[in-house]
Amino acid sequence: MIDFKKANLNGTGTAGRPAQPPAADDQQVEKVEEAIAEEKAFRRGVLSIIDLISPASFQVNPNFLQLNGKFVRTIFIIGYPRYITVGWFAPIINMNEIFDVSMFFYPVKTAVILKQLKKKVGALEAQIVSDAEKGAARDPLRETALKDVEYLRDALTQGIEKFFQYSLYVTLYADSKEELDKKTDRVEDIFGSRLVYSKKVFFQAEQGFNSTMPLCNDELYITFNMNSSPCASSFPFISSDLTSDRGILYGINRHNNSLILFDRFSLQNANTVVFATSGAGKSYAIKLEILRSLMMGTEVIIIDPESEYKHLSDSVGGTYINISLSSEEKINPFDLPRSIGGDSKPGDIIRGAVITVKGLVKLMLGELDHTEDSIVDRALIETYAKKDITPDADITTAEPPIMQDFADLLDGMEGGANLALRLKKYTEGTFAGFLNNPTNVKMDNQLVCFSVRDLEDELRPLAIYTIINYIWNIVRSELKKRVLVIDEAWWLMQSEDSAKFIFALCKRCRKYYLGVTTITQDVNDFLASPYGQAIVTNSSLQLLLKQSPAAIDNIQKTFLLTEGEKYLLLESGVGEGILFAGSKHAAIKIVASYTEDQLITSDPRQILEIEEAKKDFAQQMESEGVEAEEALPPGLEDMEI
């Protein structure tokens, strides 16, 4: 409340003198003004968020913008087909381009939509009845529309569906007007191929750009009426899900942290190719798959060039066969399948064996001319015939010949003396103990591992070829669920005959319930062979781990990788990469439990630590009077001490 009697309205004091403010008040006002001026100067020199994100230049044109030298255009959707599949928007999302996507969902009350649908149903039914009374031909479009409206009414009434007004905008960025036009045409073509109709902004370029900014501001407001299901099918954040209700765990899906769990034998074929640099974890990943496959009852056969799988084989009680010049284990390349199932005729079996052994002879002797090839072919047939292995004989109990028999027969043939002389190093010379003995190897274990580490480099391709042929004979003899692992498969890609043999194996193995896993770190050598490319094509499961810059372009071309996937493979850590399973693929991280890691590790330092721990444990048990084998923890009792 104001007391006007005491108020000094003319600005004078009680004595009629003008009122003078104290000097202290003037000083205080000056200080405040100085502080405000300093604050303004300080703020002018400080960058704000707006300063950081705002463009240096912004030019608005009728159908595009120029933003900091970039050309920007927005595309909006105006129409959709009657049916739209889930993931129809994925080709746009997976484009290797820079663009922004904005979606707006405006809920509409169900009661309002049901009222409008009721009117629509009445109008459609009236038109159909009217056409029928006039004798006009039935209109399929009108009848289909009536069915769709009735279905939508039922779904809305039952609460299965909701109704929305839906807006979808895509803003593209390019370095030039020509590039922007090409990108625009490409996006519109993708939309058009799915019967989704789109348009470019015209005199609304700024509004379109603002609508795709992360401001939740729809300045275009171009909507399409849609219920929940088609709205959900447009959801952009999709990832491949490789989870099934059976199979083994391969790893973690890095897209959504789900489990990659499936059975390789459920695919078109059970073949796998693994490409990675040295130390990227390819052998670790396959050993983990082997360990988990064994638990599911699958038989596993391994060709091990570097004795990487001995630790795993010993841990699970597998059979480890060392193939070398001095080893007792021998394989005869002239062996035939143990028992022949189906309608296979002896003549076909002998013919296949001759072709296979001829491929081995070419590896041993090098390229043969036409005359030499004909001589070798005739000599092989006669070598089998000397052991009563002919198309008319019972070959199931026949004893197969050995390399010495073939060399002796070749030496007595016209024109074969020179070839027999070249074979002598494998029958009488340095390599005599390698391929010149009957087979004494047994494959009666769930895990069988063939090691060729102690063989000379010259003999490795021959040994792997012979081992695979022996395995193939056993696979054809008895139908079982098996996996064959060929590590460092690039050895076999160096020769056309061995590469052709592996390719034929990958094509035919599906009929015998066999899955072939080929592992290589020398990607360029493997893919340089036409058979290497064919092996990749005939493998439904493909695992790509960290790649070297020298091989990444070849990998990208072979597997049709996007730029994002290419850089993912270049920057992946150990045990990380991309898994292709049929038409699906996902980023994967290989994960093992502690016990699995101890059994499958390839790290020499870790293996030495395990061996030292086993020795210390054995010594401790021995000092306590307990047998070491009896006291070993579960999972380690089969290891050598």
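The values are calculated or read from the model by the stated rules, or taken from the named source; none is laboratory data. Bear in mind that the values here come from a model prediction, so they are computed numbers and not experimental data. Every residue, glycine as well, gets a Cβ built from its backbone with ideal geometry; the counts of neighbours run over all protein chains shown.
Within region 222-242, is there a residue that is part of a loop (DSSP other than H, G, I, E, B), at pLDDT 90 or above and either basic (K, R) or not assigned by TED's automatic domain parsing to the domain that holds I323 (or both)? Step through it out loud before you land on a result.
Filtering region 222-242 for residues part of a loop (DSSP other than H, G, I, E, B) gives 222-223, 234-242.
Retained after the next criterion (residues that are at pLDDT 90 or above): 222-223.
Subset that is either basic (K, R) or not assigned by TED's automatic domain parsing to the domain that holds I323 (or both): 222-223.
Looking through region 222-242, at least one residue is part of a loop (DSSP other than H, G, I, E, B), at pLDDT 90 or above and either basic (K, R) or not assigned by TED's automatic domain parsing to the domain that holds I323 (or both).
Name every residue in region 94-136 that is closer than 30 Å to D181 by Cα and either out of contact with any strand residue (DSSP E or B) (no Cβ under 8 Å at 6 or more places or on another chain) or among the β-branched types (V, I, T) (or both), in order of residue number. Once the filter is applied, which keeps residues that are closer than 30 Å to D181 by Cα and either out of contact with any strand residue (DSSP E or B) (no Cβ under 8 Å at 6 or more places or on another chain) or among the β-branched types (V, I, T) (or both), region 94-136 yields N94, M95, N96, I98, V101.
State which residue is farthest from N440 (Cα to Cα) when the search covers only region 391-407 and only residues that are charged (D, E, K, R) and outside any helix (DSSP H, G or I). Among those residues, the one meeting the criterion is D392.
Table: residues versus (1) within 23 Å of D457 (Cβ to Cβ); (2) over 36 Å from the mean Cα position of the chain (by Cα); (3) not hydroxyl-bearing (S, T, Y).
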| residue | (1), (2), (3) |
| --- | --- |
| L288 | no, no, yes |
| M296 | no, no, yes |
| G318 | no, no, yes |
| S324 | yes, yes, no |
| D348 | no, yes, yes |
| T356 | yes, no, no |
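Residues that are among the charged types (D, E, K, R) and either at pLDDT 90 or above or assigned to a helix (DSSP H, G or I) (or both) within region 275-324 comprise K282, K287, E289, R292, E299, K310, D314, listed in sequence order.
Rundown of residues vs (1) hydrophobic (A, V, I, L, M, F, W, C); (2) touching a Cys at 6+ places or on another chain (Cβ under 9 Å), yes/no style:
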residue: F235; (1), (2): yes, no
residue: L249; (1), (2): yes, no
residue: H255; (1), (2): no, no
residue: L259; (1), (2): yes, no
residue: T272; (1), (2): no, no
residue: T277; (1), (2): no, no
residue: L288; (1), (2): yes, no
residue: M295; (1), (2): yes, no
residue: I301; (1), (2): yes, yes
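Here's the yes/no breakdown for (1) of a type in the set (S, T, N, Q); (2) part of a helix (DSSP H, G or I); (3) within 22 Å of L365 (Cβ to Cβ); (4) not assigned by TED's automatic domain parsing to the domain that holds V274:
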position	(1), (2), (3), (4)
D457	no, no, yes, no
Y465	no, yes, yes, no
I468	no, yes, yes, no
L484	no, no, no, no
E488	no, no, no, no
L492	no, yes, yes, no
D497	no, yes, yes, no
I502	no, yes, yes, no
L505	no, yes, no, no
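Residues being under 26 Å from S198 (Cα atoms), assigned by TED's automatic domain parsing to the domain that holds K183 and loosely packed, with under 15 Cβ neighbours inside 10 Å are entirely absent from region 115-135. Take T396 and decide whether it is free of Cβ contacts under 8 Å to residues at least 60 places away in the same chain and touching a Pro at 6+ places or on another chain (Cβ under 8 Å). Against the criterion (free of Cβ contacts under 8 Å to residues at least 60 places away in the same chain and touching a Pro at 6+ places or on another chain (Cβ under 8 Å)), T396 does not qualify. Filtered by the rule that a residue be touching a residue at least 40 places away in the same chain (Cβ under 8 Å) and among the charged types (D, E, K, R), region 197-225 gives K199, K200, E206, D218.
Restricting attention to region 394-442, the residues that are touching a helix residue (DSSP H, G or I) at 6+ places or on another chain (Cβ under 8 Å), over 15 Å from L360 (Cα atoms) and hydroxyl-bearing (S, T, Y) total 1.
Out of all the residues in region 211-221, which are surrounded by fewer than 18 Cβ atoms within 10 Å (Cβ to Cβ) and of a type outside the set (S, T, Y)? Don't jump to the end; show me each part of the working.
Step one: filter region 211-221 for residues surrounded by fewer than 18 Cβ atoms within 10 Å (Cβ to Cβ), giving 213-217, 219, 221.
Hits for region 211-221 are M213, P214, L215, C216, N217, E219.
Hey, any hits in region 58-78 for a residue that's surrounded by 14 or more Cβ atoms within 10 Å (Cβ to Cβ), out of contact with any Gly (no Cβ under 9 Å at 6 or more places or on another chain) and under 30 Å from K162 (Cβ atoms)? Yes: region 58-78 contains one or more residues that are surrounded by 14 or more Cβ atoms within 10 Å (Cβ to Cβ), out of contact with any Gly (no Cβ under 9 Å at 6 or more places or on another chain) and under 30 Å from K162 (Cβ atoms).
Note on region 80-110: residues that are exposed (fewer than 15 other Cβ atoms within 10 Å of the Cβ), under 30 Å from D175 (Cα atoms) and modelled with pLDDT of 90 or more total 1.
Determine, yes or no, whether K557 is surrounded by 16 or more Cβ atoms within 10 Å (Cβ to Cβ), modelled with pLDDT of 80 or more and either of a type in the set (D, E, K, R) or not assigned by TED's automatic domain parsing to the domain that holds S307 (or both). Answer is no for this residue. If the condition is being of a type in the set (G, A, S) and surrounded by fewer than 21 Cβ atoms within 10 Å (Cβ to Cβ), then region 576-585 contributes G582, S583.
When you look at I350, is it farther than 22 Å from L492 by Cα, assigned by TED's automatic domain parsing to the domain that holds D411 and buried (at least 19 other Cβ atoms within 10 Å of the Cβ), yes or no?
So I350 passes the test.
Taking every residue in region 253-264 that is charged (D, E, K, R) and pairing it with any residue that is crowded, with 21+ Cβ neighbours inside 10 Å and part of a loop (DSSP other than H, G, I, E, B), at least 6 positions away or on another chain, the pairs with Cβ-Cβ distances below 6 Å are R264/A270.
Between K511, K566, the distinction of being of a type outside the set (S, T, N, Q) and either under 30 Å from R476 (Cβ atoms) or outside the structural domain of R292 (by TED's automatic domain parsing) (or both) belongs to K511 only. Being assigned to a strand (DSSP E or B), in the same structural domain as S228 (by TED's automatic domain parsing) and in contact with a Phe, Trp or Tyr (Cβ under 6 Å, 6 or more places away or on another chain) is true for just one of L172, L180, L168. Which residue is that? After applying the criteria, what remains is L172.
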